[in-house]
Structures are given as structure tokens and as C-alpha cells.
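The values are calculated or read from the model by the stated rules, or taken from the named source; none is laboratory data. No experiment lies behind these values; they were computed from the predicted model shown. Positions of Cβ are backbone-derived with ideal geometry, glycine not excepted, and every protein chain shown enters the neighbour counts. Quick note on the areas: whole protein, heavy atoms, side chains included, nothing else; ligands and nucleic acids left out. Shrake-Rupley method; radii C 1.70, N 1.55, O 1.52, S 1.80 Å.
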Amino acid sequence: MQAVVYDTATGRMKTTVDFHGKCQSVTVNDIFADPENNLFALNGDGTWLAVSFADGGLRLFDLENPDNDVELYDISEFTRFEGGFFGQYFAFSALGGGESVFAVIDLESMSQTGGFAGQTPFHVQADESGIYLSNDNILVKLDPVTGEQT
């Protein structure tokens, strides 16, 4: 399995990403229903691709230097992933095996700047407007450096 990344300005192929035999979760009838349990996100400048896999894996692919790929989970009990990029930060949540986790990764320092774990699902939306996290009936905008919640 692999992904092909194209340059949107020229329409030319930018790179190919090898998934090393892994694949994303596939529902029985993906025409009727999308379980929305896969994470497949490209950052704003097209240098990082985040992909979740059916075996519970989660990997960040460095599209400019594949030697810098980051494997956040190789194999896990997680079955549902959400997330995306906000500037230099990658935010994600994972759910499965009776556990839910949320984390923010600083791609420049390759360090985790924040995170939570619990039994109720964390839901995350990250894009150019910010990082948004919900749990139970609470929705916050999260500062990836300070952890401040608005």
C-alpha cells in the first residue's frame, strides 16, 4: 500500500509514500457509511503526512526526508483516530481498548507538548485556525505551547 502526493500548483507528482505493507481500516460498505475512523492528513506546506492504520498504527511521514519518519504507534488496540496539523504542531486522538488518548507533537523539536488520557473519547480537529478538543460535553481551543484552554 502507498500514497501518492501531488503538487497542487502544477499537478505533478511530488512523492510516493510507502506504507510498508500496512493499510487503513476499511468498512464493509464504504459507499453507504463512512465510519470516519481513519486519520489521513497532510500539513499546510506539504512536508508531513499523518496516517493511521488498521493494526492500530499511527505514523508521521516526513515527505522531504523519509529517514525522519516518526512512528507514534506501531501496533496498538486503537481503532479510531482523529487529528491534523496546526502550523508546526500535529494534534491527534486515538480510541480503542477501553482507552482514549490525545496528544500534541511539536514537529520542529519532535517532542510532545501536551496530552491527556481517559476512558471517554477525545475528539480533535486541528487545522490552520487552531487545535480544538472535545471530551464529554466540553469543547476547548487548546494552545499547543502553554496548554491553555479557551
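Modelling each spin label as a point 7 Å along the Cα-to-Cβ direction, I'd like the Ser111/Met13 distance in nm, to one decimal.
About 3.9 nm separates the two model spin labels.
Rounded to the nearest 20 Debye, what is the dipole magnitude of segment 44-150 about its Cα centre when Lys and Arg each give +1 and Asp and Glu each give -1 at the C-beta?
400
Pop a pseudo-label 7 angstrom from the Cα along the beta-carbon direction at both Thr120 and Asp62 and give the gap in nm to one decimal.
Label-label distance for Thr120 and Asp62, simple model: 3.9 nm.
How many nm is it between the label spots at Phe40 and Tyr6, if each spot is 7 Å from the Cα in line with the beta carbon?
In this crude label model, Phe40 to Tyr6 measures out at 1.4 nm.
With the other protein chains left in place, how much accessible area per residue, in square angstrom, belongs to the chain at a 1.4 angstrom probe?
Counting only protein heavy atoms, the per-residue value for the chain is 58 Å².
Counting only protein heavy atoms and using a 1.4 Å probe, what share of the accessible area of the chain belongs to carbon plus sulfur, as a whole percent?
50
If each Cα of the chain is one equal point scatterer, what is log10 of I(q)/I(0) from the Debye formula at q = 0.10, 0.12, 0.13, 0.15 Å⁻¹?
Calculated log10 I(q)/I(0) at the listed q: -0.35, -0.50, -0.59, -0.79.
How would Met1, Met110, Met13 rank on accessible area, largest to smallest, probe 1.4 Å?
Met1, Met13, Met110
So how do Thr8, Thr79 rank on accessible area, 1.4 Å probe, biggest first, that is with the largest at the start?
Result, largest first: Thr8, Thr79.
Using a Gaussian network model of the chain whose springs link C-alpha atoms within less than 10 Å, name the residue from Phe116, Phe53, Phe81 with the highest mean-square fluctuation.
Result: Phe116 has the largest fluctuation of those listed.
Which value, in Å to one decimal place, does the Kirkwood hydrodynamic radius take for segment 96-146 when every pair of different Cα atoms is included?
Radius from the Kirkwood sum: 11.8 Å.
Less than 17 Å from a label point 7 Å out along the Cα-to-Cβ axis of His20: which backbone N atoms in segment 35-70 qualify, by residue?
49-70
Would you kindly state how much longer the chain becomes between Ile75 and Thr146 on full extension, computed as 0.36 nm times their sequence separation minus their alpha carbon distance, in nm to one decimal?
Using 0.36 nm per residue and subtracting the Cα-Cα distance, I get 22.5 nm.
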